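Let me begin by presenting the structure, written as structure tokens, before commenting on it.
The values are calculated or read from the model by the stated rules, or taken from the named source; none is laboratory data. What you see is a predicted model; the values in this text were computed from it and never measured. Here the Cβ positions follow ideal geometry from the backbone for every residue, glycine too, while neighbour counts run over all protein chains shown.
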Amino acid sequence: MSTLDDATLSKNARKRIARAAHREKRRAERKESERAAKRALAEKIKTEFHEKVNAMTREEREAFFAERAANLQAKRERDVAKKEAKARQLSSTHEILIDCEFGDLMSKPKEWSSFSKQLRFVYERNSKTTAPFKLTFTGLNGEFGEFIRRTNGGSENWHVVRETRTIREIIEAYAEKKKRFVYLTGDSENELSALEEGTVYVVGGFIDRNRHKGLTLNKARELGVAHARLPISEHLKLRGSYVLTVNQTTDVLTSYRELEDWGKAMESVVPLRKVHKDEGENAAEEETEDRGDANAFVED
């Protein structure tokens, strides 16, 4: 900026420019200091490595480098396995979509935090199975989405599809391809009998606690998609309301793919505290049972 331009600026404006220039200079100095520290650390590690190796006997060096080579090979194999797992998940013909467009119905930070943990459980379970689903998350935008990302460190590396479009926009986009969507809700009169390839199973992503009866069924009807309930009551006798968390619901679907048996799948997922007890046990316990975090899979 010229002297003439400086003269046209107010005193406060010149101060702001000076402060900005000072901050930029400090930032550049800090970055250079960080780079110098990294170079010094790298040099220190290199020196210590050579000193360590030079102090070894021939036999010790051979054993050391053999172990080092084995560790590097193991790391390469783990990296390859991760890439293959990612490919299996993202190319799976079985799909689950978590509808996370209910952030405003949950309290923050408590229920937001609970839901964030459930999403992590969903992802971790899907990463370990031999029969993964292609996972899609919708509705993780704005403050709610930022909260989920912040409380799930590393989630930017998850092998999932993060949709910025609403679920309605996604359904409309697939209308010409005739892709089928089934919204899973315990309020549906339709029972889910099997999982079909090419069908997207939608899970209502929120903490319910029985506050929002009929919410997911109404949304399925508004979206104009099919809906169904998990065959819980047909395979398990549960105490109280049949409420599963988001991750328990996806666990049941994953276990069904692994076991091809609804009963076994549910028994492997549903907590023992929810299973029906014999008559004569303390009835008060049923009244005071803590249901924990729950989503919309409620059957009366």
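At-a-glance table
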item	result
Test for E124: is it within 23 Å of L195 (Cβ to Cβ) and outside any strand (DSSP E or B)	yes
From the options E111, E34, E51, residue that is part of a helix (DSSP H, G or I) and either more than 30 Å from G154 (Cβ to Cβ) or at pLDDT below 90 (or both)	E51
Residue pairs meeting the criteria (Cβ under 9 Å; at least 6 apart or on separate chains; first under 13 Å from S114 (Cα atoms), in the range 132-155; second part of a strand (DSSP E or B))	I148/F137
Criterion (modelled with pLDDT under 95 and basic (K, R)) met by exactly one of K83, K117	K83
Residue match in the range 209-221 (condition: assigned to a loop (DSSP other than H, G, I, E, B), closer than 20 Å to F137 by Cα and either in the same structural domain as N247 (by TED's automatic domain parsing) or at pLDDT below 95 (or both))	no
The one condition in (1) over 43 Å from the mean Cα position of the chain (by Cα); (2) assigned to a helix (DSSP H, G or I) that Q89 fails to fulfil	(1)
Condition check for Q89: in contact with a helix residue (DSSP H, G or I) (Cβ under 7 Å, 6 or more places away or on another chain) and not hydrophobic (A, V, I, L, M, F, W, C)	yes
Residue within the range 178-192 that is in the same structural domain as F102 (by TED's automatic domain parsing), surrounded by fewer than 18 Cβ atoms within 10 Å (Cβ to Cβ) and among the β-branched types (V, I, T) present	no
Single residue of the range 75-106 satisfying the filter (among the polar types (S, T, N, Q) and without any contact (Cβ under 8 Å) to a residue 60 or more places away in the chain) that is surrounded by the most Cβ atoms within 10 Å (Cβ to Cβ)	S92
Positions within the range 137-175 being within 22 Å of G224 (Cα to Cα) and in contact with a helix residue (DSSP H, G or I) (Cβ under 8 Å, 6 or more places away or on another chain), in sequence order	F137, T138, G139, E163, R165, I167, R168, I171
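The rows are residues; the columns are (1) touching a Ser or Thr at 6+ places or on another chain (Cβ under 9 Å); (2) over 25 Å from L90 (Cβ atoms); (3) polar (S, T, N, Q).
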residue: V182; (1), (2), (3): yes, no, no
residue: E189; (1), (2), (3): no, yes, no
residue: S193; (1), (2), (3): no, yes, yes
residue: L215; (1), (2), (3): yes, yes, no
residue: K219; (1), (2), (3): yes, yes, no
residue: S233; (1), (2), (3): no, yes, yes
residue: K237; (1), (2), (3): no, yes, no
residue: L259; (1), (2), (3): yes, no, no
